[in-house]
1. Going by amide H atoms built from the backbone, whose H comes under 5 Å of the H on residue 32, apart from near neighbours?
2. Based on alpha-carbon centroids, what's the gap between the range 3-34 and the range 179-222 in Å, whole number please?
3. Which one, 213, 127, 98, is farthest towards the positive end of the dipole of the chain when Lys and Arg carry +1 and Asp and Glu -1 on their Cβ?
4. At 0.36 nm per residue, and after removing the present C-alpha to C-alpha distance, how many nm does the segment from residue 288 to residue 266 gain when stretched out fully?
5. Sort 14, 229, 204 by Cβ crowding within 10 Å, fewest neighbours at the top.
6. Can you tell me which lysines have their Cα less than 24 Å from the Cα of residue 280? Leave out same-chain residues fewer than eight positions away.
7. For a Förster distance of 25 Å, can you work out the FRET efficiency between the beta-carbons of residue 256 and residue 217, rounded to the nearest 0.05?
8. Please work out how much length the chain gains when fully extended from residue 53 to residue 334, using 0.36 nm per residue of separation minus the C-alpha to C-alpha distance, in nm with one decimal.
Amino acid sequence: VRAAVLRNGEMVVRDDVPEPIPEAGQVLVEVVACGICGSDLHLAQHGAEMMALARELRGEHGGNEVDLDRDVYMGHEFSAKVLKAGPQTTTFTPGTAVTSMPVVFGSEGAENIAFSNTTLGGYGERMLLSAAMLLEVPNGLDPKIAALTEPMAVGVHAVNKSNIEPGEGAIVLGCGPVGLACIAALRTRGIETIVATDFSDSRRALATTMGATEAVDPNTSTAWEAWRRHARGPAVIFEAVGARGMINDVLKSAPRHSRVVVVGVCAGQDELVPYFGIAKEINLQFCLAYDRTEFEHTLGLIANGELESTPMVTSTVGLAGVGRAFEALGAPDEQCKILVAPNA
Ligand SMILES: [Zn+2]
């Protein structure tokens, strides 16, 4: 099996990965497409720090760790076609287009399909999924687009966590894939005022295409000034930048009684002044990923055209193009979401 793997901080193509063999309950699938996620770029660049944080969080609970000195399989935003089921396993007929949350159950329990030395992800020709987790791509939806279910579900979940109601307005800070997913999900909830910010011209253009009322360049106007042009009073704010200092800036500048949903990932130490939040009674909510219901709901929303998702796809590459795609995503003005099509 061919797969792009992380080796010494670089994405390289291997053509000697052992063919995955489905156990009972598992299904062998052929990958149609897999989106490149910011967390993959982060592991490639700051793998050791990420592992140290994960270790700190796990504490004495143990759990399996990724060895960065060995090849690492990645790719958790995938769609696929069913090839064959493992023993005593029923699944969709071969050729059926499917997607799944990035988790697979095996004899050693559940494993996340994110970063692994042993479990193949979506940056390979074939991989194993759990029959029980498979969702059929609804008729009519391009199987390639079904790979956007995972990143879009992150926005659907963040919006659910915010408890935003029609009549309220939102501010989305950062228009990378996470911020854009929040904007699209807000539109499905009937939110009319959505102020977005990003330094990149192309990402601001994507933000308005995907439903933002106004997208501002922080060099020209702050989100808060833009907010006051559209609305009064508290906002529901989605922090999708994940840079150091962002949360404190939000607490300092947000309207009184705003709710803040932290969906951008700042994987390091950060500082904030609690008093800013206290003085304005800001509600601060952190969130991660989605649940199974939200994932399934997101696939349906994409399939029936209610959730705008395709504009964020800026290119599609083969396995040999993954290394260059990782580099291109480091300069986000050019690219937003790059899909890998390992069998194209
Ligand atoms: Zn992701």
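1. 79, 80, 81
2. The two parts, judged by their Cα centres, are 35 Å apart.
3. 213
4. Contour length minus the Cα-Cα distance gives 6.7 nm.
5. Exposure proxy ranking, most exposed first: 229, 14, 204.
6. 161, 252
7. Working: r = 26 Å, r/R0 = 1.03.
Efficiency, from the Cβ-Cβ distance: 0.45.
8. 98.1 nm
No value in this document is a laboratory result; all are computed from the given coordinates. What you see is a predicted model, and the numbers here were worked out from it, not measured in a lab. When we count neighbours, we look across all protein chains shown, and the Cβ atoms used for this are built from the backbone with ideal geometry, even at glycine.
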